[in-house]
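The values are calculated or read from the model by the stated rules, or taken from the named source; none is laboratory data. The model shown is predicted, which means the values in this text are computed figures rather than measured ones. Using ideal geometry, Cβ is built from the backbone for each residue, glycine included, and neighbour counts are taken over all protein chains shown. Protein only, heavy atoms only, side chains kept; ligands, DNA and RNA dropped before computing areas. Shrake-Rupley method; radii C 1.70, N 1.55, O 1.52, S 1.80 Å.
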Amino acid sequence: MTDAERREVAAKLRDMACRANPSWPALMDLLKCPGRAVAVQYLADLIEPDERTCRVVTEMRALSQTQDMHTKSCSSCGYVFGSEQHRQLLPGLGERVAINPVRIPKFCPNCGAKVVE
Ligand SMILES: [Zn+2]
């Protein structure tokens with residue numbers, strides 16, 4: 001649902017309220033909804049649209065036997081949040097640790113989607 005669509009419906013509703021005491025059939029006709037419940041649901045969706053979300057996509061690239069580069073990006077638009085180096089502290093042993101962890105924003109700065117893990 002776009003902002004333009006919301007504004008258009010709001011303008012039509014205000015116009016309808018000015019001219020007459022709105023009836024359900026007139027309201028359903030204006031909203032192009034087949035029933036009252038659908039019309040009410042449609043209005044609720046206009047007021048509070050589903051929030052767009054994205055996930056963090058991690059692309060790993062080996063730099064050496066003990067180091068990887070992890071590039072983290074937005075699953076929605078591909079915007080790169082950053083890259084972090086992971087290093088194995090003891091060769092052949094233990095898990096790799098991030099040297100300079102990427103800070104993941106709450107919202108993607110490029111497409112505005114909410115970042116969910
Ligand atoms: Zn994005």
In the chain, if every C-alpha pair distance is counted and binned at 5 Å from zero, what percent goes to each bin?
2, 10, 14, 12, 10, 8, 8, 7, 6, 6, 5, 5, 4, 2, 1, 0
Quick one: how many Å² of Ser23 are accessible to a 1.4 Å probe, rounded to 10?
50 Å²
Beyond 24 Å (Cα-Cα) in this structure, taken from Lys72/Lys106; Lys12/Lys106; Lys32/Lys114, we find Lys12/Lys106; Lys32/Lys114
Got the relative contact order for the chain handy, in percent, Cα pairs under 8 Å and 6 or more residues apart?
18 percent
Can you tell me the Rg and the Dmax, both Å, for the Cα atoms in the stretch 53-115?
13.3, 41
What order, most packed first, do the peptides 49-55, 79-85 have when packing is the mean number of other Cβ atoms within 10 Å of each residue?
79-85, 49-55
Estimated 222 nm signal from helices in the chain, with DSSP H stretches of n ≥ 4 weighted -39500 (n - 2.57), rounded to 500:
-10000 deg cm²/dmol
Let me spell out the model: positive unit charges on the Cβ of Lys and Arg, negative unit charges on the Cβ of Asp and Glu, origin at the Cα centre of the chain. What dipole size does that give, in debye rounded to 20?
140 debye
Distribution of pairwise C-alpha distances over the stretch 3-47, 5 Å bins, in %:
5, 23, 32, 28, 11, 1
Based on alpha-carbon centroids, what's the gap between the stretch 1-30 and the stretch 69-93 in Å, whole number please?
49 Å
With all protein chains in place and a 1.4 Å probe, Met60 shows an accessible area in Å² (nearest 10) of 130 Å²
